[in-house]
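Peer 1: Supplied in structure tokens, the structure appears directly below.
The values are calculated or read from the model by the stated rules, or taken from the named source; none is laboratory data. This is a predicted model, so every value here is computed, not measured. Heads up, the Cβs are rebuilt from the backbone with ideal geometry, glycines too, and the neighbour counts pull from every protein chain shown. What goes into the accessible areas is simple: the full protein's heavy atoms, side chains included, and nothing from ligands, DNA or RNA. Shrake-Rupley method; radii C 1.70, N 1.55, O 1.52, S 1.80 Å.
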Amino acid sequence: MALTTVQELQTLIQQKIRQKMPQSNLLNQPENTEKITIVQSVGRVLAQDVISPLNVPNANVSAMDGYALPQAAAAGSRWKVGGISAAGHAFEGSLHSENECVRIMTGAVVPRGMRTVVLQENVELLEENDEQYIVLKQNAEERSNIRYAGEEITQGAIVLQRGRILREADVLLLASLGLDSVSVFRKIRVAVLSTGDELRDPGTPLDGSDKIYDSNRYMLMARLQSLPIEVIDLKKVDDDLESVMRVLESAMRSADVVISSGGVSVGDFDYLREAVLRLGAIHHYKVAIKPGKPFVFGQMGQTWYFGLPGNPISGYVGLDIFLKSALWQLCGAGETQIPQPLRFEAVLSAPVKKAPGRMDIQRALITQAEDGSWQAAPCGPQDSHRVLGISQANAYLILPLESGPLPAGERVTVQPFLETFL
């Protein structure tokens, strides 16, 4: 297949998933949703609209501490205090004359017939014969300092739409509506595997100089934890077609998505592409990006397949650039709700090496100057096998396909690693 641009591949993945979604069992069946408490809901995808069961505010309430009057009033007017309304303790009495008012606290229900609230600092409080009176220091306009019922949210209004990725602020909203649970899509099942006879699990000894630790699989499983995903660890698969076929056939019965690391290039021991072709179809292979040119996107029955290269930085970058948005889409997130990477411009403080022909995603360090501007510099050597730099970096340099080498002082696009700026 021809080399495609990053944007073309992102669009292809989105379109293929969208075409399949209406027929997918993932979103349209009741068994694929669950009710969870709102405390557990952050990061989950809403399966149905949330409709407000009440008005917010639920009654006319005072916005300030002060005095509720039955009408607008002029400075110098005198009013007798005939009662008090506090939050949780509404005034339920009756007033006996037209020139009476009610002492009221912030959040308290405005008594029936009261049309304005004057702030306590705008009145002079007097006591005469065990009675309290106020004298207005300035005019009180009608409808002042009152929050009206339904002013913010009306009963029956849709406050959160299906497909929303729920946030911490949404818990505040849901709780304020008296809702203690929400319906969300179930976590999708994502199987992760790596290939390579040279791989050994961390925590075990290397039994030869030709062996290395399997860093990619562990990195992928760790980074998937931030999504509503149930990770299935398929461990390491031997470098032979029969073993790869057997593992993939098993994964097709239990997983919505399979992500593999390694075995997708054209080497003599790269069997994953052949296995996927035998079990389903490949929609794409090879993309104009560095690192990570070999990238397989396909399907095996109802299971989506993403094949990442074996070089660790290629897999790390591929997850960010291609997989995250696709996985959110499969989790049920609405197209306008899928998180997009934060990107902005910075000025290079050091030169950058790059050859035209592929988009280059380089590891970088960005810093902010006192005037608010940002500077960026490459973080160490950019070879795709080097893992130290990605740990030290706090951003990507996003260098366009047509770009060549760039001198210090050039403006570039950067994508910060948000976890390093919390």
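Peer 1: Which percentage, to the nearest 5, of the DSSP beta bridges contained in the range 61-147 is antiparallel?
Peer 2: 85 percent
Peer 1: I've got another one for you. Roughly how many percent of the accessible protein surface of the chain is carbon and sulfur, given a 1.4 Å probe and a whole-percent answer?
Peer 2: 49 percent
Peer 1: Kindly report, to the nearest 10 Å², the accessible surface of R278 as traced by a 1.4 Å probe over protein heavy atoms only.
Peer 2: In the full protein context, R278 sits at about 150 Å².
Peer 1: May I pose another question? Name the aspartates and glutamates eligible as straight-distance cross-link partners of K353: C-alpha to C-alpha under 16 Å, and not fewer than 8 places from it in the same chain.
Peer 2: Output for K353: D383, E402, E410.
Peer 1: Given the protein chains as shown and a 1.4 Å probe, how many square angstrom of I36 are accessible, to the nearest 10?
Peer 2: Probe radius 1.4 Å; accessible area of I36 about 20 Å².
Peer 1: Spin-label point model (7 Å from Cα, Cβ direction): what's the S243 to Q225 distance in nm?
Peer 2: 2.8 nm
Peer 1: Right, next: Nearest 5 is fine: what % of DSSP beta bridges in the chain come out antiparallel, could you say?
Peer 2: 65 percent
Peer 1: Among the aspartates and glutamates, select those whose C-alpha is under 19 Å from the C-alpha of K235, and discard any that sit fewer than 8 residues away in the same chain.
Peer 2: In chain and number order, the partners are D197, E198, D201, D207, D214, E249, D256, D270.
Peer 1: Hey, what's the chain come to in accessible area per residue, 1.4 Å probe, Å²?
Peer 2: Dividing the accessible area of the chain by its residue count gives 50 Å².
Peer 1: One-quarter of the Cα convex hull surface for the chain, in nm²?
Peer 2: Its average projected convex-hull area is 29.1 nm².
Peer 1: Would you mind telling me which residue in K20, K286, K235 has the biggest mean-square fluctuation in a Gaussian network model of the chain, where springs connect alpha carbons within a distance under 10 angstrom?
Peer 2: Comparing K20, K286, K235 in the GNM, the peak value goes to K20.
Peer 1: Where the centroid of each part is defined by its Cα atoms, how far is the range 98-121 from the range 374-422 in Å?
Peer 2: 59 Å
Peer 1: Ok, one more. Can you list the lysines whose alpha carbon is less than 17 Å from that of K137, not counting same-chain residues fewer than 8 positions off?
Peer 2: Filter leaves K80.
Peer 1: Let me ask something else. Do any trypsin sites (Lys or Arg not before Pro) in the range 176-222 lie in a loop, going by DSSP, with at most 13 other beta-carbon atoms within 10 Å of their beta carbon, and if so which?
Peer 2: none
Peer 1: Please list log₁₀ I(q)/I(0) at q = 0.11, 0.19, 0.28 Å⁻¹ for the range 344-420, using the Debye equation with identical point scatterers on the alpha-carbon positions.
Peer 2: Summing over Cα pairs of the range 344-420 leads to -0.25, -0.74, -1.46.
Peer 1: For every helix of n ≥ 4 consecutive DSSP H residues, a contribution of -39,500 (n - 2.57) applies; sum these over the chain, divide by its total residues, and give [θ] at 222 nm rounded to the nearest 500 deg cm²/dmol.
Peer 2: Computed mean residue ellipticity for the chain: -5000 deg cm²/dmol.
Peer 1: In addition: Per residue Cα convex hull volume for the range 61-147, in cubic angstrom?
Peer 2: Each residue corresponds to 80 Å³ of Cα convex hull volume.
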